[in-house]
Every structure is written in structure tokens, then in C-alpha cells.
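Novice: One structure follows; several queries about it will come next.
Read the figures in this text as sums done on the coordinates, not as results from a lab. Owing to the predicted nature of the structure, the values given are computational and were not obtained by experimental measurement. Cβ placement follows ideal geometry from the backbone for every residue including glycine, while neighbour counts extend to all protein chains displayed.
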Amino acid sequence: MGYKKCLAAITLAALAGAAGAQEVKIGLVTTLTGPLGALGKHVRDGFELGVAEAGGKLGGLSTEVIVEDDQLRPDVALQAANKLIERNKVQVITGVIFSNVAMAIAKPAIDNEVFFISPNAGPSQLAGKQCSPYFFATAWQNDQPHQAMGEYLQEQGVKKVYLIAPNYTAGKDALRGFKRAYKGAIVGETYAAMNQLDFAAEISKIRAAKPDALYVFLSGGMGINFTKQYAQANLTNEIPMYSAFTIDSITLPAIGDAAVGTYQTNLWNADLPNKANRHFVESFQKKYGYLPSNFAAQSYDTARLLDSALREAGGASNKKAFAAALKKAHFESVRGSFSFNTNNFPIGNFYLLKVVKQADGTVRQVTEKTALVDAKDAYYAECRM
Amino acid sequence: MLLFFEQLLNGVQFGMMLFLMAAGLTLVVGIMNLINLAHGALYMVGAFLAVTFSLLTGSYLLAVGLAVACTALIGLAIEFLVLRPLYSRDHLDQVLCTFGLILFLNELTRFIWGATPLRLDIPAWLDYSVSLAGIDYPGYRLIVILASVAVAIGLYFLIGHTRIGMLIRAGASDRKMIIGLGVNIALLYSLIFALGAGLAALAGILAAPIFTVQVGMGDHILILTLVVIVIGGIGSVRGSFAAAIVVGVIDTLGRVMLPSGFGNVIIYLLMAVILFWRPRGLFPSHA
Amino acid sequence: MPESTSLFRSALFDSLVSAPPEKRYPVEFWLGALFFILLACVPWLASFLGEPFYVRLLMRMMIFSIMALSLNLILGYGGMVSFGHSMFVGVAAYVVGILGYHAYEANALAIGPFQIQGSLNALFTWPIAVAATALVALMLGAVVLRTSGLYFIMITLALAQMLYFLAVSMEDYGGEDGLQVMGTQMLGNLDLSHRTTLYYVVWVCLCGVFLGCRTLVNSRFGLVLKASRQNADRLRAIGLPVFWYKLVAFVISGAIAGLAGVLLVSSQSFVSPADMAWTRSGDLIVMVVIGGMGSLFGPVLGAFFYLAAEYVLGNITEYWQMIMGPLLIVIVLYARTGIVGVFLGAGERKNRI
């Protein structure tokens, strides 16, 4: 009796194991609730579009995507990641938007040999000293867009710049990234309080300092507030506003006409002419009814990267083969050219965008030019991989 | 020097916006002895309703009126359903229940309007610049100051020179006495709460073109408002007026003049100092 | 004045050595014992079912139970609504995290003229963390306990915010990104990176804290504390220095929260300012109330229930807070005595002013 039970159990286990090799489980940990929940929505929708286009089978393997909300809290994200790794036995974790969440779940993911593919967060620690064969970033290293703008302003010969960013690690890193590339005069550097609502005081300071240009990094609601208040103070034409992570297609409708005439850098825009992107924007709008942001685009790219790597490696069970396939990045990115650097962070272009008012009255970001070609992050040399 | 005066004006204007929020809340907390954390959520609801009404009717003024009225009605509904049993409970129960209301209202708003931030457009006749000593100051902000002052004057007359105001003041001093004198306290409370909700909505609507209309927008302003009413003295509209200006100015000047990092905490330090010196606030209304 | 201080000293001494007033073993006692025994069996059960994740989940619930028990001392028994309780958790967690960071990076921490070597030895770091937290509680309590009512709530909230922003500003220790604890913490011979080992360490701490709170609450000290909640003026009238009782309770409560903090950072291998946010304090208050304020078992049940609800509801819908909000309201309005009160008939009666 016991022998038969044992045999049945072994057979079942073998079958289950075999079946497991034919499917891939992906955990999507992203921010769905709270004031920044819109970003999570874009990330999830972008990824699910990628999976749907592959017929629900990334790399030909039946794909299960398990979505978890991190509430922008590292401890919640950690719990979700542990659950995904231990209970759901995912092979890949993705979806993470914010760096504090990324840093919280990087260790358990890497320790358990689960591939962590970040569609947005690109902390410098993971680009440099703490790089790992299990961590890939498909968007950027956090400093890069700021560096790109710094380089652009340097090239343009802008003499005096005023800087403003939030008073926390990401803000300080951003301005450091900017200053790495920009060598002109910095006539003022202000750090805004977190969750600050009213920037009238900072705007008065900016006006008094008379810079040639203003560089801003203020994300979420802060960016919306600042841009509106800046325009209300009639400074947009006087001191051009350059920014990154501040104005994007999610915040633009909330800012409206106040953003017209401002410049941003981004790794992607909806009007990029490559074939993959035109297909992406069209399918996304058709399926979800709204215009995708760079967050959706980055997440979509992640799904397509996984598709190509899973196909090439025949699954995620052979981790070395899968890691090697991921590194090759044999897929058509919506950004244009895309490849991975030695630290598993992307080498890609950065574009200069401008907000214009269209004939139908809506405001949109249009791509003016390519600001940086095949940009690399500043930390890859510290990575010993 | 000019910059300093400009910053002073900025501070006063920010303070005026805080006053609109604080006036409603200090009445509710002081007279009804109800700690209403959902005040910030009502601020948010007012702003969202204004956006929707503005899109539906195409008229800014109509949208403002409708949104304020609607929020006041929602306030009445909340008061009737959730808050009535809380009047006799202790502050902890009130904090917990109104905190539960915040969770519910935030998620309901996200459910109805979505997670993406929205925009409230102001009509062209409000969107202008005033030239003050050579700099362009946004005219809309001056309007906000005027509106807040108008509300302050209105409340002054309401509380100081009307019968209802008399009941309000009596209720703030000695609630049991006016119940004993036969005043319909339930009706009075409902009116006060509706007034508070309407003021919160008005604050949200006036702030919307300057700040962002998004889920959770009331949470941060709630903390600032609580700081203002505690500094000003709970139950005193005059106190919240003074405290709002003080908080607005100190916060603004502190952010630009002190080293960065203090900007976040200057208000809390201010509150701690004032409570140390005057534990009941600047203008305590109770004996 | 001298008379009341000596009265206090004798009361404190009595309370620390006195036995619970009556020895009785009602149903609650056996249920409680069963609960703790079941908790002890979890690692075995989890490995039998092949679900190691549940060890982690229940360990988190136990750690939050300790936090809730500590808050219950001042909130449930002392009537102090503190929105700053999570700062004690955070201070202790950061002390362990920072010492661990310096041990891993093999450099010394410089505070003024002193050079402190980092350490991953829990026997060394944990007492320091708890002592530091107790000291912070003493300093803050001396200032804060002079206020009451809404003012007390606001002051504790303000302090929590200030410490939160302080943690965010510490760029060397990750700031907003938080601090990872690399390397292995050792508690004597116990390897704390081993999940089951850590689980039992937490279990022992929970049992210890529970029994300690029980002794404290049933002693004369506890009696004074409970009385101070109902009518502090009357106590002062009979000569008891209420302020000192409250302060001692505040410090003990803070120290226990600190213990929870070191366990938290060990279980997460990570600490961030979010662990100290005022919203976390709010969660703890909710746990204590849902479980049943002013009872011993309430906070434990409340913590378990809250975290379980968060886990289960979160899997059902992304709008789970729309359910949690009204649930909280209903519990506070109609089941005020909490789980313990509703199901076991214990705990406090509904509050009436």
C-alpha cells in the first residue's frame, strides 16, 4: 500500500517537474495604489501587452504573470517578493519602478537566483559595486537622463544654470549626474522639501538669480505643481525650463498649457519613428484607450526582452544560459538601438523633447533631436562582472 | 530686500490657503469636540468634483458652486452615518474612524476617477499677472488671498454677529449648558460639519489650479492643517487665522533661508516651541 | 514632594516583585497557551506542507505583535495615543543596521572623538540598540508627556516626522532607499540568517514580552497606570506622581518596541525610513484597537488579524483599502472591545465620556 502511494507520488512529482519546465512564472511587483499609482498601471499594461502579443506565451512557454502591489513601501515590496519567490516559485521578478523598492528586493531575488529585471529603477549601487548576473535594468541608470541634459546644455554653450531637486538621495544623485556632464556656472542649487506643495519661494529665488536656463528634477505631484506655478509666474519664456522625470505623458494632462515651451530628456517618446515603436503605440492605444508613457514602453520592452531570451535559452531553468541570452538582448526595442553594457545596464539613446501645443488644442511632447547616442552610465567601471 | 518682501508675500499667500482648511477644521474640532482626520479627504473630494463639474458644465463658477454644495451634502451624509455615534466617544475612536474614512474615500476616488492626476482649468479672466515692483506676480494667487480674507470676514460676522454664531460660541464654551437650555444640538452639529466640509472643498478648489488634483492630495495638507489649528488654539477661528499666517511665512522663509533639510521639519519645530510656551495654543477658546 | 517620590519608589519596587493578585487559570489562559504552542509548531508544519513562506509571514506577525503589545502598554492601559511609536522601532533597527553596515564595510563609525567598530554580533548590538531606544524614549517622554489629548497626538506625530526626515537625510546609510544588512548576524552560537533559528528567537521574545507585560499590568504599577487613564487628577490628589509613572511606562514601552525593531531588521535584512513613518504608527494603533485595547491578548490577535487581512485582501482586490476603511469604522463603532471583547468577553467596556 505504502509502496504504491510512494510510486504515485514520485510519478506525479516527475510530471509536475516536467510540466514546470514548459511554463514560466513572472512576478510583477509595482506601485498600483497611492498618488503614484498611475505609473504602476502603465507598467502593468505595457508588460501585459507584450505578453498578449506573444499569444500569452513568452518565448513559446505558457506564461503566468502574478501582479503584486508594493504601495511604494519597501517592506510591503519585500514581503511580496518573498511570497513570489517562495510560494509562487517565480523565475523572474519585474515591474519595479522606484529605487527604494528595488534595493529592498534585490538581495532576496539575487540570493535565490531569481532574475530581477527592472523596467525603471536603476540604482547606482546595482550598476556598480553590487552588480549581479541576476540583475538587469531595461531602462536606465537613475543618473543618466540628468547627465544627458547636462551634456546637452554644455554642448549648447549655456552659461548659467539654476538647479532644483527634492531633498533626498535620488534628488542629490540627479544633480550630481547633471554636474558630471555640465561644466558651466551653477548660479543656484535648491533642494525642495519632500511632498512640498508650494514653490513660490523657490521660484522667486530663481527669478532673482537670473540664470540662462533652469534644470528641474521634481517627480510626481511636485513636478506638476512646480511647472504650473512656474508658468503662472510668467518665467517659462524668460528662463527656459529643462527637466527629466518631471514632465511625461502621465503628468502632462494635469499640467496642460503651463508646460508649453519646456524641454525634457527621455529615453523614449511616442513619436519615435522606428517600426517597433509605431506598432507599440498603435496597439497600446487600441487595447487600453490611452497614450502610453515611457514607463509603459520600458515595461513592454522588458516583456519582449524576456520573450527573446526565453526563446533563445529554451526556458529559464538553465540559469547560465538564460542570463547569457538576456545579455544578448536580441529584440527590437521601441527605443531604437538597445544593448546591454557589462553591468547589465542598457546602452541606448537619449532624446531631447519639447512640449508643444497642437492644432487641436492638446499639448504633446515632440522629439526635437537625439541628445546622446549610445549613452553609458557612469558606474559600470565599478562592476566586477 | 525686494526678494525678502516677495518671499513674505509668498508666505502670507500660502498661509491664507492653509487658513481656509484650518477654519473649517478648527470649528469642527473645537465645537463638536470631534477630531476629523477626513477633513483632508473632503478637500480632495471637493477638488475632484470641481474638475468633473467644470468639464460637464464648461463654467468655472458653476463648477465651484456645485462642487462646494455637493461636498457639503457628502459631509452631511458622513456626519449622519458615521460621526453621530462618535460624539460621545473618546478622541482615539474618532481618530480611528475618520482614518478609516480617509482610506475609504481615497480608494473610492481612485476607483471613480482613476490614478492619473487631473487638472482644473481656471477661466482666462482669472489667469493674469500683476506687476508688483517690476516682477510678475500671478494674479490668481492674489485672488486666493482675497477669497480667504472674504471667508475670514464672513466667518467673523457669522460667529460674532448672528444667532447661529452665538450658539456656536456658546457650544464652544460649554456644550452641556446649551443642551440643557434646549438647543437642538444635533442640527447645530450637522450645520457646523456641513460648513466645515464646504470650507474644505472651497480650499481644495481654490488650491487645485496651483497644486495637483490627485488621489491622496488631502493627506499632506491635513498634517499642515492640524499643525495650524494646534498652534492657533483649537476652536478659535481667529487663532487659526493668526497661526496660518505664521506657519505660512515661517515655512516659506525657512525653506529659502535655512540650510536644506530644515525645510521639512521647521514647522514641527515651530509647533513644539509654541506648545512649550503656550500649551493650549496662541488663542485658546476654552476657559 | 519627597513623600510622593518615596511612595513612587516603593510602589515601583512592589510592582516589580509582586505576584499577580489572584492566581486563576480561566479559559483565556488555556486558549492563549494553545496559541503559543501552535506558533511554536509552525516551522515544522510549514516544512511538512512545503510552504516555507509561512514561516516568514508568521514571524512578521509575531514581530508586529511585540510592537502592538508595547504600544498597548501606553495606549490601552495608559490612554496615551502616540503616533510616534514606530520611531522607537526605527531607532533600534537603524542602530543594528548601522553597526552591521560598518562591520561589513570593515570601517569604523566615527561619532565625535569616538571610533566605534561595527559589529554583527547580536549579543553586542541588540542590547545597545534597545538601550539607545530606551534613552530616546526617556528624553522624548520627558517633553511629550506634559501634553495630553489632541496636543499629545500632534506632538508625537511631529516627532515621528522629524525622525523620519532625519533617517531620510542620512545618505551614507541609504537615506530614502534604506539600508541593507549584508553579512550574517550571530546571536552567540545561533546563526540568525537561518530562518527557523530566527523564528524561534522571535518566538521566545514574544513569549517573554507577553509574560512580562502580564506581570507589569497586574502589578501595582499597572494599577496606577490604568487608573491614570481614567482620572489622572484624582491620582494626583492622593499624592501619586502620575507623570513619573507615565514616563516609566513610556520608556518600558519604547524599549520593547526597540526589541521589536532589532527583530524586524534581522528578519528583513533591511531597514528604511518607511519603518519609522507615522503611518506605521497608525497601523499599530489600528492593530491594538482591533484586537482589543486594554487586554493582554488583544494586541497579539490584532496584529495577526491585521496582517492576515492585508495579505488576504491584497490578493483579492487592488482596492482592498476600500474594504479595510469601512471595516475599521464598523469595528470601532460596533465592536469596540475588539476581537478579544467580542469573542472572549474580556477587555474594556465601551468608552463613554
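Novice: For A:S118, work out the one condition from (1) touching a residue at least 60 places away in the same chain (Cβ under 8 Å); (2) surrounded by 23 or more Cβ atoms within 10 Å (Cβ to Cβ) it doesn't fulfil.
Specialist: So the condition that A:S118 fails would be (1).
Novice: If you don't mind, another one. What is the one condition in (1) within 14 Å of the chain's Cα centre (by Cα); (2) assigned to a helix (DSSP H, G or I); (3) not hydrophobic (A, V, I, L, M, F, W, C) that B:N36 does not satisfy?
Specialist: Against the list (1) within 14 Å of the chain's Cα centre (by Cα); (2) assigned to a helix (DSSP H, G or I); (3) not hydrophobic (A, V, I, L, M, F, W, C), B:N36 comes up short only on (2).
Novice: Next up: Yes or no: the stretch A:293-309 includes at least one residue that is surrounded by fewer than 17 Cβ atoms within 10 Å (Cβ to Cβ) and either under 18 Å from the mean Cα position of the chain (by Cα) or acidic (D, E) (or both). Before you say what the answer is, go through the steps one by one.
Specialist: Taking the stretch A:293-309 and keeping what is surrounded by fewer than 17 Cβ atoms within 10 Å (Cβ to Cβ), we get none.
The answer is no, given that none of the residues of the stretch A:293-309 is surrounded by fewer than 17 Cβ atoms within 10 Å (Cβ to Cβ) and either under 18 Å from the mean Cα position of the chain (by Cα) or acidic (D, E) (or both).
Novice: Let me ask another. Within the stretch B:273-287, work out how many residues are within 9 Å of chain C (Cβ to nearest Cβ) and either in contact (Cβ under 8 Å) with a residue 12 or more places away in the chain or crowded, with 19+ Cβ neighbours inside 10 Å (or both). It would help to see each step written out before you state the result.
Specialist: So in the stretch B:273-287, the residues within 9 Å of chain C (Cβ to nearest Cβ) come out as B:275-276, B:279-281.
Add one more test, that the residue is either in contact (Cβ under 8 Å) with a residue 12 or more places away in the chain or crowded, with 19+ Cβ neighbours inside 10 Å (or both), and what stays is B:275, B:280-281.
Within the stretch B:273-287, residues that are within 9 Å of chain C (Cβ to nearest Cβ) and either in contact (Cβ under 8 Å) with a residue 12 or more places away in the chain or crowded, with 19+ Cβ neighbours inside 10 Å (or both) number 3.
Novice: On the basis of being surrounded by fewer than 21 Cβ atoms within 10 Å (Cβ to Cβ), within 14 Å of chain C (Cβ to nearest Cβ) and touching a helix residue (DSSP H, G or I) at 6+ places or on another chain (Cβ under 9 Å), does B:F111 make the cut? Explain how you work it out, then say what you get.
Specialist: Values: surrounded by fewer than 21 Cβ atoms within 10 Å (Cβ to Cβ): yes; within 14 Å of chain C (Cβ to nearest Cβ): yes; touching a helix residue (DSSP H, G or I) at 6+ places or on another chain (Cβ under 9 Å): yes.
Against the criterion (surrounded by fewer than 21 Cβ atoms within 10 Å (Cβ to Cβ), within 14 Å of chain C (Cβ to nearest Cβ) and touching a helix residue (DSSP H, G or I) at 6+ places or on another chain (Cβ under 9 Å)), B:F111 qualifies.
Novice: Taking the stretch A:333-365 on its own, how many of its residues are in contact with an Asp or Glu (Cβ under 6 Å, 6 or more places away or on another chain) and closer than 19 Å to A:T262 by Cα?
Specialist: Within the stretch A:333-365, residues that are in contact with an Asp or Glu (Cβ under 6 Å, 6 or more places away or on another chain) and closer than 19 Å to A:T262 by Cα number 2.
Novice: Among the residues of the stretch C:76-102, which ones are under 20 Å from C:A167 (Cα atoms) and either hydrophobic (A, V, I, L, M, F, W, C) or without any contact (Cβ under 8 Å) to a residue 24 or more places away in the chain (or both)? Even if it seems obvious, please write down each step before you answer.
Specialist: Step one: filter the stretch C:76-102 for residues under 20 Å from C:A167 (Cα atoms), giving C:82-102.
C:F83, C:M87, C:F88, C:V89, C:V91, C:A92, C:A93, C:V95, C:V96, C:I98, C:L99, C:H102, listed by residue number.
Novice: Which ones in the stretch A:95-104 are within 15 Å of A:V43 (Cβ to Cβ) and not in a loop (DSSP other than H, G, I, E, B)?
Specialist: Correct list: A:S99, A:V101, A:A102.
Novice: Related question: Kindly state which strands (runs of 3 or more DSSP E) lie completely within the stretch A:109-185 and contain at least 1 residues that are within 20 Å of A:A371 (Cβ to Cβ). Steps first, answer last, please.
Specialist: Details: elements: A:115-118, A:135-137, A:160-166.
By residue number, A:135-137, A:160-166.
Novice: If we keep just the residues of the stretch B:147-161 that are in contact with a helix residue (DSSP H, G or I) (Cβ under 9 Å, 6 or more places away or on another chain) and loosely packed, with under 14 Cβ neighbours inside 10 Å, which is nearest to the other protein chains (Cβ to nearest Cβ)?
Specialist: Out of the qualifying residues, it is B:V149.
Novice: Tell me, which residue of the stretch B:175-233 that is assigned to a helix (DSSP H, G or I) and polar (S, T, N, Q) is farthest from the other protein chains (Cβ to nearest Cβ)?
Specialist: Start the filter on the stretch B:175-233 by keeping residues that are assigned to a helix (DSSP H, G or I), which leaves B:175-180, B:185-207, B:217-232.
Now drop any that are not polar (S, T, N, Q), which leaves B:190, B:225.
Details: B:S190: 18, B:T225: 11 Å.
Result: B:S190.
Novice: Still on this structure: Quick one: would you say A:F284 is farther than 20 Å from A:F350 by Cα, away from every other protein chain (no Cβ under 14 Å) and buried (at least 21 other Cβ atoms within 10 Å of the Cβ)? Spell out the reasoning first.
Specialist: Working: farther than 20 Å from A:F350 by Cα: yes; away from every other protein chain (no Cβ under 14 Å): yes; buried (at least 21 other Cβ atoms within 10 Å of the Cβ): yes.
Here the answer is yes, as A:F284 does meet what is asked.
Novice: Please state which of the following conditions B:G134 fails to meet, knowing it meets all the rest: (1) within 14 Å of chain C (Cβ to nearest Cβ); (2) at positive phi.
Specialist: With respect to (1) within 14 Å of chain C (Cβ to nearest Cβ); (2) at positive phi, B:G134 is out only on (1).
Novice: Just to check your reading of the model, which residue among A:A329, A:A316, A:A324 is hydrophobic (A, V, I, L, M, F, W, C), crowded, with 18+ Cβ neighbours inside 10 Å and without any contact (Cβ under 8 Å) to a residue 60 or more places away in the chain? Full working, then the answer.
Specialist: Numbers: A:A316 fails: without any contact (Cβ under 8 Å) to a residue 60 or more places away in the chain; A:A324 fails: crowded, with 18+ Cβ neighbours inside 10 Å.
Going through A:A329, A:A316, A:A324 in turn, just one is hydrophobic (A, V, I, L, M, F, W, C), crowded, with 18+ Cβ neighbours inside 10 Å and without any contact (Cβ under 8 Å) to a residue 60 or more places away in the chain: A:A329.
Yes or no, residue by residue, for (1) within 21 Å of the chain's Cα centre (by Cα); (2) surrounded by fewer than 16 Cβ atoms within 10 Å (Cβ to Cβ); (3) over 24 Å from C:F83 (Cα atoms); (4) free of Cβ contacts under 8 Å to residues at least 60 places away in the same chain:
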| position | (1), (2), (3), (4) |
| --- | --- |
| C:L192 | yes, no, yes, no |
| C:V204 | yes, yes, yes, yes |
| C:G212 | yes, yes, no, yes |
| C:S219 | yes, no, yes, no |
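Novice: Restricting the search to the stretch A:49-64, which residues are over 18 Å from A:A276 (Cβ atoms), buried (at least 16 other Cβ atoms within 10 Å of the Cβ) and in contact (Cβ under 8 Å) with a residue 40 or more places away in the chain? So that I can check it myself, show each step before the final result.
Specialist: As a first pass, look at the stretch A:49-64 and keep what is over 18 Å from A:A276 (Cβ atoms): A:56-57, A:60-64.
Then drop every residue that is not buried (at least 16 other Cβ atoms within 10 Å of the Cβ), which leaves A:57, A:61, A:63.
Within the stretch A:49-64, A:L61, A:T63 qualify.
Novice: With A:K376, A:K354 as the choices, which residue is without any contact (Cβ under 8 Å) to a residue 40 or more places away in the chain and either in contact with a helix residue (DSSP H, G or I) (Cβ under 8 Å, 6 or more places away or on another chain) or not polar (S, T, N, Q) (or both)? Break it down into steps so the answer makes sense when it comes.
Specialist: Working: A:K354 fails: without any contact (Cβ under 8 Å) to a residue 40 or more places away in the chain.
From the options A:K376, A:K354, the qualifying one is A:K376.
Novice: So, of the residues in the stretch C:59-94 that are within 12 Å of chain A (Cβ to nearest Cβ) and among the hydrophobic types (A, V, I, L, M, F, W, C), which turns out to be farthest from C:V265 (Cα to Cα)? Explain how you work it out, then say what you get.
Specialist: Narrowing the stretch C:59-94 to residues within 12 Å of chain A (Cβ to nearest Cβ): C:59-61, C:63-64, C:86, C:89-90, C:93.
From what's left, among the hydrophobic types (A, V, I, L, M, F, W, C): C:59, C:61, C:63-64, C:89, C:93.
Values: C:M59: 12, C:M61: 14, C:I63: 10, C:F64: 12, C:V89: 9, C:A93: 5 Å.
Checking each candidate, the answer is C:M61.
Novice: From the set of residues in the stretch A:186-212 that are more than 10 Å from chain B (Cβ to nearest Cβ) and touching a helix residue (DSSP H, G or I) at 6+ places or on another chain (Cβ under 6 Å), which is surrounded by the most Cβ atoms within 10 Å (Cβ to Cβ)?
Specialist: Among those that are more than 10 Å from chain B (Cβ to nearest Cβ) and touching a helix residue (DSSP H, G or I) at 6+ places or on another chain (Cβ under 6 Å), it is A:G188.
Novice: Just checking, how many residues over the stretch C:141-155 are crowded, with 22+ Cβ neighbours inside 10 Å and within 11 Å of chain B (Cβ to nearest Cβ)?
Specialist: 4
Novice: Could I ask something else about it? Among the residues of the stretch C:247-254, is any farther than 30 Å from C:G97 by Cβ and in contact with a helix residue (DSSP H, G or I) (Cβ under 7 Å, 6 or more places away or on another chain)?
Specialist: no
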